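Below: the structure, in structure tokens.
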Amino acid sequence: MKKILVTGGCGYIGSHTIVDLIENGFDVVSVDNNTRSNPRILEGVEKITGKKVKNYKVDLCNFDDTFAIFQENPDIAGIVHFAAYKAVGESVELPLMYFENNLMSLINLLKCVQEFSIKYFVFSSSCTVYGNPDEIPVTELTPPKAAESPYGYTKQMGEQIINEFSKAADVRCLLLRYFNPVGAHPTALIGELPIGRPANLVPAITQTAIGKLPQMIVHGNDYPTRDGSCIRDYIHVCDIAHAHTLGLSFLLNGKATKKCEVFNLGTGNGVTVLEAIGAFEKVSGLKLNYTIGPRRPGDVIAIYANNDLVKKQLGWIPQYSLDDMMSTAWKWEQKLKVDERFYNGKFSELN
Ligand code: WQD
């Protein structure tokens, strides 16, 4: 059973990926300093998989502490690296914190890849590397444009660092560019735990519907799109998770032809903000309390994926529909209200 180190394993995509890896025969250890995640999410992972996952509460910016994890786990066969700060707005206010945290942690990990001869490395990248694309859908060959935020630059720079490292080291890497991960595991035992007021659309919808937020604001309906609101490629977090399992198998089975492969992880369908709200209202039977507000600075007008390459190379086919995304997100929001592990999602009471 191959052991995989998942960084950010207590996070939203990390925890869902751990479930999928275990269900597909991998052994997993997590490293997560829990500054932006809650370790009790792993109790949900255990309930789903029957496996207790060890988490090293370590800051990957501390090289010695990171090194010690690999000394203690000499059988790590591969790494899936999620751990990073990801709030676009915060990154604009605190760019140095983002560059230091997201890049120092990556470099420390890659030093350990070299030191311990780890052969496979999967990186959590983002469609944000495309900026505001001139043409959509975007393919992996669509040239990256200026990022919209320091967060976006850390993803672009992270990809470049890994690409150059892969040329010099005996390692095979995958850069997985997520579009908009949404939804929750169908059991509602794990899901997204936004800290404070959610910036992302789907948690803003579900928190408004459950009464945590008084009203949701649609950031602009005067864009040049079919209904005036922005277009995104929403993709279920379980589909994203499974792509990591397929990606690791692709690497472990020697299927990679390049030292560093890039794949878009999106459904290939563009959905507007108002259409997403409509889908939520349909599956929940609720009328969402929202108002149209001004455009949000930095928002991309429209982006969605051409996912032909990942379908061909990994055999990955997204399974969850937009309705599934909304229904699982809503089920999770309702569960959160009564789940003693995550009192209101305010970590201060629990950490
Ligand atoms: C989607 C659309 C908003 C909230 C960002 C990062 C990306 C990834 C996902 C980390 C936009 C609109 C939102 C609200 C709204 N982050 N919206 N009202 O901006 O596409 O992507 O988050 O991995 O890297 O760039 O996602 O969910 O914030 O916004 O109208 O209350 O929903 O304006 O058009 P985004 P989002």
Which numbered condition LEU288 misses (of (1) part of a loop (DSSP other than H, G, I, E, B); (2) under 30 Å from LYS145 (Cα atoms); (3) within 16 Å of the ligand (Cβ to nearest atom)): (2)
From HIS244, HIS236, residue being over 18 Å from MET325 (Cα atoms) and more than 11 Å from the ligand (Cβ to nearest atom): HIS244
Qualifying residue in segment 11-20 (condition: touching a residue at least 24 places away in the same chain (Cβ under 8 Å), surrounded by fewer than 23 Cβ atoms within 10 Å (Cβ to Cβ) and polar (S, T, N, Q)): no
Residue match in segment 151-173 (condition: among the aliphatic types (A, V, I, L, M) and within 30 Å of SER284 (Cα to Cα)): no
Search result, residues across segment 195-254 that are surrounded by fewer than 16 Cβ atoms within 10 Å (Cβ to Cβ), in contact with an Asp or Glu (Cβ under 8 Å, 6 or more places away or on another chain) and aliphatic (A, V, I, L, M): ILE210
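Taking only segment 141-195 into account, find how many residues are in a loop (DSSP other than H, G, I, E, B) and of a type in the set (S, T, N, Q). Quick ask: steps written out before the conclusion?
Applying the first criterion (in a loop (DSSP other than H, G, I, E, B)) to segment 141-195 yields 141-149, 169-171, 179, 183-195.
Narrowing further to those that are of a type in the set (S, T, N, Q): 142, 149, 187.
Looking only at that region, the number is 3.
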Cβ pairs under 6 Å, 6+ apart, first in segment 44-73 and free of Cβ contacts under 8 Å to residues at least 40 places away in the same chain, second assigned to a helix (DSSP H, G or I): THR49/VAL19; THR49/ILE22; LYS51/ILE22; LYS52/GLU46; TYR56/ILE69; VAL58/ASP65
Filtered residue count, segment 66-85, keeping only those that are surrounded by 14 or more Cβ atoms within 10 Å (Cβ to Cβ) and either touching a strand residue (DSSP E or B) at 6+ places or on another chain (Cβ under 8 Å) or at positive phi (or both): 13
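Name the residue, out of ILE190, ILE205, that is closer than 21 Å to ASN38 by Cα and in contact (Cβ under 8 Å) with a residue 40 or more places away in the chain.
Details: ILE205 fails: closer than 21 Å to ASN38 by Cα.
Step by step, each of ILE190, ILE205 is checked, and only ILE190 is closer than 21 Å to ASN38 by Cα and in contact (Cβ under 8 Å) with a residue 40 or more places away in the chain.
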Residues that are acidic (Asp, Glu) and part of a helix (DSSP H, G or I), drawn from segment 199-244: ASP239
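Which one is nearest to the ligand (Cβ to nearest atom) among residues in segment 117-165 that are more than 24 Å from ILE301 (Cβ to Cβ) and crowded, with 21+ Cβ neighbours inside 10 Å?
From segment 117-165, those more than 24 Å from ILE301 (Cβ to Cβ) are 117-124, 157-158, 160-165; that's our starting set.
Subsequent filtering for residues that are crowded, with 21+ Cβ neighbours inside 10 Å retains 120-124, 158, 162.
On the way: TYR120: 22, PHE121: 19, VAL122: 15, PHE123: 13, SER124: 8, GLY158: 12, ILE162: 17 Å.
Here the residue is SER124.
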So GLN319, is it at pLDDT 95 or above, out of contact with any Gly (no Cβ under 9 Å at 6 or more places or on another chain) and assigned to a helix (DSSP H, G or I): no
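The values are calculated or read from the model by the stated rules, or taken from the named source; none is laboratory data. Model, not experiment: these values are computed from the prediction. Note: ideal-geometry Cβ built from the backbone for every residue, glycine included; neighbour counts use all protein chains shown.
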